[in-house]
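Quick one: this structure, given as structure tokens, is what I'll be asking you about.
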Amino acid sequence: MRKNIFISAFMLFILYGNLYADTFKDSLRAMDMQIIEGDVSYFDFSLKDINGKQVNLKDFEGKVIMLNFWATWCPPCRKEMPSMEVLYNKLKGRNFEMLAVNVQEDAKTVKDFIVKNKYTFPVLVDPKAEAAAKYQARSIPTTYIIDTNGKLAGGFIGAKEWDTDNIIRILTELTK
């Protein structure tokens, strides 16, 4: 009897885990994201933010993470940033983190740009493109979504309007 209960509980765990993964990925599909198939864990990195504080990606484990690679000189990057700011402010305080990783620019240039545009989301500086290389972010902007289990779930290359009602609703649901 105990063995049957254990097997039943295990099967429910497997079923629920698969349903969660399928639901998460279906939600990302609804956002027009490319789905990352398989069980791919995120690639940890440690970078400084624009104020010089060291930040590790693993510090955000257990949250839905939007990881965006960008540059100040990139017109599509600049185009999507106001919508990222709106999304960040709508999801602030939830089980969500946005990290905008600037690629191959110095901290002063990046900080000046962020301050001038009054963006408040976390910005990291990757002057040697080491984190970008781990994520094969060869084009910018490139954005990845990491699920609460630390798995790469989806990605998007190019600019996106991140503040649409649909995207805000989906990401809000995924953070629950």
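Which members of the stretch 3-50 meet the condition of being modelled with pLDDT of 75 or more, over 23 Å from PRO141 (Cα atoms) and loosely packed, with under 10 Cβ neighbours inside 10 Å?
GLY38, ASP39
Looking at the structure I just gave you, is ILE170 crowded, with 17+ Cβ neighbours inside 10 Å, part of a helix (DSSP H, G or I) and β-branched (Val, Ile, Thr)? Don't jump to the end; show me each part of the working.
Numbers: crowded, with 17+ Cβ neighbours inside 10 Å: yes; part of a helix (DSSP H, G or I): yes; β-branched (Val, Ile, Thr): yes.
Yes, satisfied.
Next question. Kindly list, by first and then second residue, each pair from a residue in the stretch 58-69 that is crowded, with 23+ Cβ neighbours inside 10 Å to a residue that is among the small types (Gly, Ala, Ser), limited to pairs with Cβ atoms under 7 Å and residues at least 6 apart or on different chains.
Taking only residues 6 or more apart or on different chains, the pairs are ASN68/ALA100; PHE69/ALA132; PHE69/ALA137.
Now for a separate question. Does the stretch 118-137 hold any residues that are part of a loop (DSSP other than H, G, I, E, B) and over 15 Å from the mean Cα position of the chain (by Cα), and which are they?
Taking the stretch 118-137 and keeping what is part of a loop (DSSP other than H, G, I, E, B), we get 118-122, 127-129, 135-137.
LYS118, TYR119, THR120, PRO127, LYS128, ALA129 - these are the residues of the stretch 118-137 that are part of a loop (DSSP other than H, G, I, E, B) and over 15 Å from the mean Cα position of the chain (by Cα).
Okay, moving on. What about ILE146, is it within 17 Å of VAL40 (Cβ to Cβ) and of a type in the set (A, V, I, L, M)?
Numbers: within 17 Å of VAL40 (Cβ to Cβ): yes; of a type in the set (A, V, I, L, M): yes.
It is true that ILE146 is within 17 Å of VAL40 (Cβ to Cβ) and of a type in the set (A, V, I, L, M).
The values are calculated or read from the model by the stated rules, or taken from the named source; none is laboratory data. Just so we're clear, the structure is a prediction, and the values are computed from it rather than from any experiment. Because the Cβ atoms are built from the backbone with ideal geometry, glycine has one as well, and the counts that use them run over all protein chains shown.
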